[in-house]
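Enquirer: Structure incoming, see below.
The values are calculated or read from the model by the stated rules, or taken from the named source; none is laboratory data. Just so you know, these numbers come straight off a predicted model, no measurement behind them. Cβ placement follows ideal geometry from the backbone for every residue including glycine, while neighbour counts extend to all protein chains displayed.
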Amino acid sequence: MKEFERLCVNVVNDFEIPNEKRKALRVLLNSCFPDYFPQREYFKQIPKFRYLVWDEEKLIAQMGVEDRVINVGGDIVRIFGVIDLCVEDCYRSNNIATNLLRMLENLGQQNGIEFIILFANDHKLYLKNGYKIVTNICRWLAIDELKSVDIFEQPLTDCFMVKSLSPKPWNDGIVDLLGYLF
Ligand SMILES: CC(C)(COP(=O)(O)OP(=O)(O)OC[C@H]1O[C@@H](n2cnc3c(N)ncnc32)[C@H](O)[C@@H]1OP(=O)(O)O)[C@@H](O)C(=O)NCCC(=O)NCCS
């Protein structure tokens, strides 16, 4: 296995990804999240930009990133959101995901992003990288099969995780995601 530094990492706006790379992305997402991405490279909505990790010509990892403001108990905060982070099976446990999270944290810190947030059922990777589980009630736009269906409001205590990139404290109030849940 190559050192992370010897792999090629592209940070690219989603709309700039050419068709042949988009095909590789679909294959990777389908193998890491079976039955999740039938004919497309996004689940609910397109991420703003992506980290794509290549070993020569082979796409071996991806991390989508949401860039938005959210309302945390009345505080408007700028966040990055981690979407569909995945690493091809035979490349796992080599800190590739950890390195991608660090790259995103550095980018956020350099650009005034206050928190990174994500939703994950398995917390291990994120706990070891300094993310914390938060218990806020969340409000979001529910999308089903590419249709807006409702506004949901409920706690996401099992999966909502946050890492602070600034001294600003994370409030306890309702978190309005001002959009869909990624
Ligand atoms: C989760 C995942 C991205 C980790 O990638 P990675 O490059 O192997 O991660 P790192 O090497 O930096 O860290 C590995 C640690 O992540 C943790 N981990 C393993 N699978 C995990 C999972 N599905 N979710 C969260 N953490 C996980 C373990 O603690 C693991 O440590 P170990 O190697 O000692 O078992 C990769 O296992 C994967 O693509 N899984 C399938 C897709 C997925 O579930 N993505 C997460 C969506 S929230």
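Enquirer: I'd like to check something: does region 80-94 contain any residue that is in contact with a helix residue (DSSP H, G or I) (Cβ under 9 Å, 6 or more places away or on another chain) and away from the ligand (no atom under 13 Å from the Cβ)?
Expert: Scanning region 80-94 turns up at least one residue that is in contact with a helix residue (DSSP H, G or I) (Cβ under 9 Å, 6 or more places away or on another chain) and away from the ligand (no atom under 13 Å from the Cβ).
Enquirer: Could we say that V65 is surrounded by 17 or more Cβ atoms within 10 Å (Cβ to Cβ), of a type outside the set (D, E, K, R), within 16 Å of the ligand (Cβ to nearest atom) and modelled with pLDDT of 95 or more here?
Expert: Yes; evaluated as a whole, the condition is true for this residue.
Enquirer: Among the residues of region 26-44, write down those that are surrounded by 14 or more Cβ atoms within 10 Å (Cβ to Cβ), more than 16 Å from E56 (Cβ to Cβ) and touching a residue at least 12 places away in the same chain (Cβ under 8 Å).
Expert: R26, L29, C32, E41, Y42, F43, K44
Enquirer: Please go through region 61-98 and pick out each residue that is among the hydrophobic types (A, V, I, L, M, F, W, C) and in a helix (DSSP H, G or I).
Expert: Residues satisfying the conditions are C90, I96, A97.
Enquirer: What residue, of F37, F49, is out of contact with any Pro (no Cβ under 6 Å at 6 or more places or on another chain), at pLDDT 95 or above and of a type in the set (F, W, Y)? Give the derivation first.
Expert: On the way: F37 fails: at pLDDT 95 or above.
Answer to the check: F49.
Enquirer: Suppose the filter is part of a loop (DSSP other than H, G, I, E, B), of a type outside the set (F, W, Y) and closer than 30 Å to N136 by Cβ; does Q45 pass it?
Expert: Taking the combined requirement at face value, the residue satisfies it.
Enquirer: Could you check how many residues of region 95-119 are within 16 Å of the ligand (Cβ to nearest atom), within 13 Å of F80 (Cα to Cα) and β-branched (V, I, T)?
Expert: Adding up the residues that qualify gives 2.
Enquirer: Mind checking which residues of region 90-112 are β-branched (V, I, T) and surrounded by 18 or more Cβ atoms within 10 Å (Cβ to Cβ)?
Expert: The initial filter retains those residues of region 90-112 that are β-branched (V, I, T), namely 96, 98.
The answer is I96, and nothing else.
Enquirer: Applying the selection to region 9-42, what residues are closer than 29 Å to L141 by Cβ, in a loop (DSSP other than H, G, I, E, B) and more than 16 Å from the chain's Cα centre (by Cα)?
Expert: Result: I17, P34, D35, P38, Q39, R40.
Enquirer: Can you go through D150, D122, D172 and tell me which one is within 12 Å of the ligand (Cβ to nearest atom), among the acidic types (D, E) and loosely packed, with under 13 Cβ neighbours inside 10 Å?
Expert: D122
Enquirer: Tell me, yes or no, whether region 144-160 has at least one residue that is without any contact (Cβ under 8 Å) to a residue 60 or more places away in the chain and of a type in the set (F, W, Y).
Expert: There is at least one residue in region 144-160 that is without any contact (Cβ under 8 Å) to a residue 60 or more places away in the chain and of a type in the set (F, W, Y).
Enquirer: Between a first residue in region 120-139 that is farther than 12 Å from C159 by Cβ and a second residue that is more than 8 Å from the ligand (Cβ to nearest atom) and among the basic types (K, R), which pairs have beta carbons less than 8 Å apart while being 6 or more apart in sequence or on different chains?
Expert: Hits for this filter: N129/R102; N129/K163; G130/K163; K132/K163.
Enquirer: L52 fails exactly one of the following numbered conditions: (1) in a strand (DSSP E or B); (2) within 20 Å of R139 (Cβ to Cβ); (3) of a type outside the set (D, E). What is the number of that condition?
Expert: It fails just one condition, (2).
Enquirer: Still on this structure, please answer the following. Under the condition of being within 17 Å of D75 (Cβ to Cβ) and either small (G, A, S) or under 20 Å from the mean Cα position of the chain (by Cα) (or both), which residue from region 153-169 is surrounded by the fewest Cβ atoms within 10 Å (Cβ to Cβ)?
Expert: S166
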